[in-house]
Structures are given as C-alpha cells and as structure tokens.
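The values are calculated or read from the model by the stated rules, or taken from the named source; none is laboratory data. A quick note: this is a predicted structure, and the numbers were derived from the prediction, not measured. Positions of Cβ are generated from backbone atoms using ideal geometry, with glycine treated the same way; all protein chains shown enter the neighbour counts. SASA here: full protein model, heavy atoms, side chains in, ligands and nucleic acids out. Shrake-Rupley method; radii C 1.70, N 1.55, O 1.52, S 1.80 Å.
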Amino acid sequence: MATLRQIRRRIKGVQNIQRITKAMRMVATARLRRAQERVLSARPYAEALDALTERLIKSVEEYDHPYLRQGESGGRLLIAVTGDRGLCGAFNSVIVREAMDLSDGEAEIAAVGSRGADALERRGANVVSAKRGFFKQLEFENAQQIAQEAADAFAEERVDAVDVVFNRFRSALHQEVTVKRLLPVSQPEESAELAPPEIEHLYEPSRGEVLDQLLPKQLEIQVWQALLESNAAEQAARMNAMENASRSASDMIDELILERNRVRQAVITKEISEIVGGAEALKS
Amino acid sequence: MSVYSTTFQLRIVAPDRVLFEGGVLGVRLPGAVAPFEILPRHAPIVSALEPGELRIASGDPDNPQYRYLALSDGVVESTRSGTDILVNAAENPDEIDVERAEASKERARRRLLASAKEINAVRAEASLSRAAARLRTAKRTESGSG
C-alpha cells in the first residue's frame with residue numbers, strides 16, 4: 001500500500017496535469033471560434049467561383065484543359081491533411097489510417113501537418129512532400145503552394161488523379177473523415193434543367209480563356225477550404241480531448257483523495273491502538 | 001455632366017473575406033483585354049482581370065468619391081442583379097507596404113532578365129505586374145486623390 005506521502009504527491013501531480021488540460025481546452029475553444037469564422041468567410045468566394053465555373057464549363061464547346069485529362073495509369077496523389085500538434089484525440093490518426101488504406105502503399109502522398117507526415121513516413125508510405133508548420137499561421141499562400149505541386153504532378157502525368165483526405169468540420173462535437181477528388185476536374189453532366197440565360201454574357205477575352213484562369217483558382221480554393229475545415233476540426237477535436245482529460249483527472253483526484261483519507265485513518269487508528277496498548281502494558 | 005447616374009450592387013470577394021459590398025456608381029477595372037468601367041445596366045459580362053488598379057466611384061453622381069484597390073488577378077461577373085468581382089488578393093492603398101512592393105518589383109525584374117525557363121518568366125512577369133499595380137495604387141494616397 002502506498003504511503004500517505006506518496007498519495008499526496010500523486011494528487012498534486014494530477015492536479016497540475018488538470019490545470020494544463022483545462023488551459024489547453026480554453027485555448028482550443030478560443031481558436032475554434034476563430035477557425036470557424038474563417039471557414040465561413042471563405043464560402044462566398046468559393047460559391048461564386050463554383051457557380052461561374054460550372055456555368056462556363058457547360059456552355060463552352062470543345063474546351064480542353066490539362067486539368068480535365070482523363071488518364072488511365074491509375075497513379076494517384078493523396079493530399080493528407082493532419083495537424084502539426086497532438087493531444088487532439090483521434091484527429092491525426094484517423095487521417096493517417098485512411099491515407100494508408102487508400103494508398104495501398106503505392107499512391108504518392110503529400111502530407112500536410114507534421115503529425116501526419118511523421119506517422120506516414122514511419123509506416124513506410126510513399127511520402128513525396130511534407131508540409132510542416134502551416135497551421136501555426138494559416139495563409140492562402142499555403143493552399144496555393146499545395147495546389148501548385150498537385151497540379152504539376154498531374155500536368156506532368158506523374159499521376160492521373162489527385163484526392164484530398166481531411167477532417168471535415170461538422171460541429172464542435174463531430175468531425176468527419178472526407179475524401180474529395182480534386183483532379184481531374186469533374187465535368188458536369190449535360191442537364192436540361194439549366195435554362196439558357198435570358199441574355200448571353202459577353203466573355204473577355206473568351207470563354208475558354210476565362211476558364212483557363214478559373215480552373216487553377218478553383219483548385220486552390222478547394223485545397224484552401226480543406227485546410228480551413230481541418231483547422232477548425234482540429235481545434236474542436238482538441239477541445240473535446242482536453243475536456244475528457246480534465247474530467248478523467250477530476251475522477252482520479254476524487255479516488256486518490258478517498259484513498260488518502262483511508263490511509264490517513266488507518267495510520268491514526270494504528271497510532272491509537274499503539275498508545276492504548278502501551279498504556280495497558282504500563283498499568284499491569 | 002457626369003457619366004454617373006444611378007447605383008448598382010457591387011461585391012468584391014477574396015478567398016478569405018468579402019472586401020467590399022454595397023451600392024456604387026461605377027467601377028473601373030483592369031480587364032484582360034483592356035481597362036473598362038462598369039456602370040449601371042452594363043451588358044452581362046464575364047471578364048478576366050489583370051493585376052492592376054480598381055477604382056470604385058460612389059456618393060454624389062456629380063461629385064463622386066473614388067476609392068482605389070490594388071488587385072492581383074481575378075475575374076468579374078456582371079449580371080442584372082449585380083456585379084461580383086473575384087480576386088486572389090486586393091489591398092487598400094494604406095495597407096500596401098511600399099518597400100516590400102519595390103523589393104519584389106526589383107526581384108521580379110532581375111529574374112525576368114536572368115531566367116531561361118519559360119515558366120519562371122511567366123511567374124516573374126506576373127509578380128512584376130502585381131508589384132507595379134501595388135505601387136501605383138499606393139501613390140494614390142500620397143498624392144491624395146485620383
């Protein structure tokens with residue numbers, strides 16, 4: 001049985017840990033709010049861009065762009081988005097597992113977030129690029145860089161498909177592993193529901209050239225949104241993990257206090273019985 | 001007699017924020033073909049934009065207020081319901097770091113002279129025109145008006 005002093009020391013230790021987990025929870029909560037705002041403020045651009053691109057692709061005839069290439073080699077690039085830091089529950093490991101499953105040891109992996117990069121490299125995945133430290137201060141340029149590398153791999157026909165794997169932010173309590181196809185750009189199916197616009201737009205310089213400019217932008221935006229979603233999901237996951245850790249610490253402290261009282265009582269009882277025993281011995 | 005009369009809805013969106021939203025008299029844009037100005041009831045148009053300067057006119061039609069923004073490339077879509085400008089990045093004149101812009105202009109120019117590979121030349125050229133646009137817009141605040 002542990003001595004009184006050992007138990008007291010353990011209580012102190014757990015209390016200190018709890019102090020840290022509570023602080024981390026608060027930080028994650030604050031960051032989550034900011035991250036959520038960023039996800040929301042990225043939407044108007046993405047929606048306007050998607051609408052415009054879709055309408056253009058439908059209306060343009062005989063359009064060809066490197067991003068539309070349908071290759072058959074089956075080579076694939078996975079952009080796996082994790083976080084740079086741990087202590088956020090299963091957030092990083094679910095992405096690593098999904099990426100390992102999808103890649104089958106063959107697909108190229110572009111890891112974003114040092115946690116995922118380290119884990120995937122350790123497991124012998126074919127990691128062709130590792131981006132670390134992006135989430136400390138996430139900027140649109142980061143997304144552009146990732147998109148550029150993916151586009152290059154696709155344009156050079158090194159791979160025939162590019163997917164992004166990330167945690168989608170559903171709610172503060174729920175993140176969802178999501179796989180999204182980025183390249184080739186999917187061509188919308190011909191549909192009759194799209195009524196021709198009442199007045200034909202002017203296009204400058206031409207539909208094709210406008211599209212040439214929109215498609216790379218759309219790729220960047222999709223990567224950007226994945227990064228923002230993942231960022232929000234990471235904060236949410238950490239908030240929950242730290243909440244649980246704080247609660248476990250409370251439970252543990254309660255148990256230890258009970259144990260401490262029991263031991264203390266036993267010591268007192270023992271001392272009394274020794275005194276009583278001593279007194280009895282003196283009497284006789 | 002001013003070219004301006006009524007207003008229309010203009011929205012300028014960057015990937016991370018909505019930069020401007022409101023009624024304006026007109027907006028002058030660095031079109032990929034040529035600079036042009038959108039006024040109310042402009043024919044529906046979709047146009048690519050080059051790095052350059054954007055001018056928003058608002059207020060009194062006879063004595064309009066001008067506001068300037070430095071754009072990197074983007075695209076404008078104007079319909080009857082309003083005008084949307086999608087830009088990669090845009091800066092207010094007072095946000096522009098003149099020294100940084102000067103430096104990147106110089107860097108781009110040197111790279112343009114030195115570079116052999118075509119793709120680098122394209123990138124350097126784009127960077128050069130972005131820096132030039134920033135500097136032009138930044139000068140607007142120094143001289144006060146346009």
Do the conditions hold for A:Arg168, that is, is it without any contact (Cβ under 8 Å) to a residue 40 or more places away in the chain and outside any loop (DSSP other than H, G, I, E, B)? no
So in region A:132-152, with the set limited to residues that are surrounded by fewer than 21 Cβ atoms within 10 Å (Cβ to Cβ) and under 22 Å from A:Met100 (Cβ atoms), which one is farthest from the other protein chains (Cβ to nearest Cβ)? A:Arg132
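Residue by residue, here is whether (1) under 14 Å from the mean Cα position of the chain (by Cα); (2) crowded, with 18+ Cβ neighbours inside 10 Å; (3) of a type in the set (Phe, Trp, Tyr) holds:
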| position | (1), (2), (3) |
| --- | --- |
| B:Glu37 | yes, no, no |
| B:Ser47 | yes, yes, no |
| B:Tyr68 | yes, yes, yes |
| B:Arg80 | no, no, no |
| B:Asn88 | yes, yes, no |
Can you pull out the residues in region B:6-52 that are within 9 Å of chain A (Cβ to nearest Cβ) and touching a residue at least 60 places away in the same chain (Cβ under 8 Å)? B:Arg11, B:Val13, B:Ala14, B:Pro15
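Does region A:24-50 hold any residues that are part of a helix (DSSP H, G or I), facing chain B (nearest Cβ under 9 Å) and open to solvent by less than 70 Å² (accessible area, probe 1.4 Å), and which are they? Steps first, answer last, please.
Step one: of region A:24-50, the residues part of a helix (DSSP H, G or I) are A:24-41, A:43-50.
So of that shortlist, the ones also facing chain B (nearest Cβ under 9 Å) come out as A:38, A:41, A:44-46, A:48-49.
Passing the criteria: A:Ser41, A:Pro44, A:Tyr45, A:Ala46, A:Ala48, A:Leu49.
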Examine region A:5-19 for a residue that is within 14 Å of another protein chain (Cβ to nearest Cβ), over 21 Å from the mean Cα position of the chain (by Cα), of a type in the set (Gly, Ala, Ser) and assigned to a helix (DSSP H, G or I), and state whether such a residue exists. no
With the checklist (1) over 17 Å from A:Leu78 (Cα atoms); (2) modelled with pLDDT of 90 or more; (3) within 14 Å of chain B (Cβ to nearest Cβ) in hand, flag the one item A:Arg170 doesn't pass. (3)
Segments classed as helices (runs of 4 or more DSSP H), wholly inside region A:82-164, with at least 3 members that are among the β-branched types (Val, Ile, Thr): A:91-103
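Each row is one residue, and each column tells you yes or no for (1) more than 19 Å from A:Ser93 (Cα to Cα); (2) open to solvent by 50 Å² or more (accessible area, probe 1.4 Å); (3) more than 9 Å from chain B (Cβ to nearest Cβ); (4) not hydroxyl-bearing (Ser, Thr, Tyr).
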{"position": "A:Lys217", "(1), (2), (3), (4)": "yes, no, no, yes"}
{"position": "A:Ile221", "(1), (2), (3), (4)": "yes, no, no, yes"}
{"position": "A:Ala232", "(1), (2), (3), (4)": "no, no, yes, yes"}
{"position": "A:Ala237", "(1), (2), (3), (4)": "no, no, yes, yes"}
{"position": "A:Asn240", "(1), (2), (3), (4)": "no, no, yes, yes"}
{"position": "A:Ser248", "(1), (2), (3), (4)": "yes, yes, yes, no"}
{"position": "A:Ile253", "(1), (2), (3), (4)": "yes, no, yes, yes"}
{"position": "A:Leu258", "(1), (2), (3), (4)": "yes, yes, yes, yes"}
{"position": "A:Arg262", "(1), (2), (3), (4)": "yes, yes, yes, yes"}
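Residue-wise test of (1) within 13 Å of chain A (Cβ to nearest Cβ); (2) open to solvent by 40 Å² or more (accessible area, probe 1.4 Å); (3) over 29 Å from A:Ala46 (Cα atoms); (4) part of a strand (DSSP E or B).
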residue	(1), (2), (3), (4)
B:Ile56	no, no, no, yes
B:Gly59	no, yes, yes, yes
B:Val76	yes, no, no, yes
B:Glu99	no, yes, yes, no
B:Arg111	no, yes, yes, no
B:Val122	yes, yes, no, no
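Output the number of residues of region A:153-171 satisfying the condition of being open to solvent by 20 Å² or more (accessible area, probe 1.4 Å) and closer than 15 Å to A:Val223 by Cα.
Counting residues in region A:153-171 that are open to solvent by 20 Å² or more (accessible area, probe 1.4 Å) and closer than 15 Å to A:Val223 by Cα gives 2.
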Name every residue in region B:1-18 that is open to solvent by less than 40 Å² (accessible area, probe 1.4 Å) and not in a loop (DSSP other than H, G, I, E, B), in order of residue number. B:Phe8, B:Leu10, B:Ile12, B:Val13, B:Ala14
Is there any pair with a first residue in region A:71-83 that is on the phi < 0 side of the Ramachandran plot and a second that is surrounded by 24 or more Cβ atoms within 10 Å (Cβ to Cβ) and assigned to a loop (DSSP other than H, G, I, E, B) whose Cβ atoms are under 6 Å apart and which are 6 or more apart or on different chains, and what are they? A:Thr82/A:Gly113; A:Gly83/A:Gly113
Residue under question is A:Val112, and the condition is that it be surrounded by 17 or more Cβ atoms within 10 Å (Cβ to Cβ) and in contact with a helix residue (DSSP H, G or I) (Cβ under 7 Å, 6 or more places away or on another chain); does it hold? yes
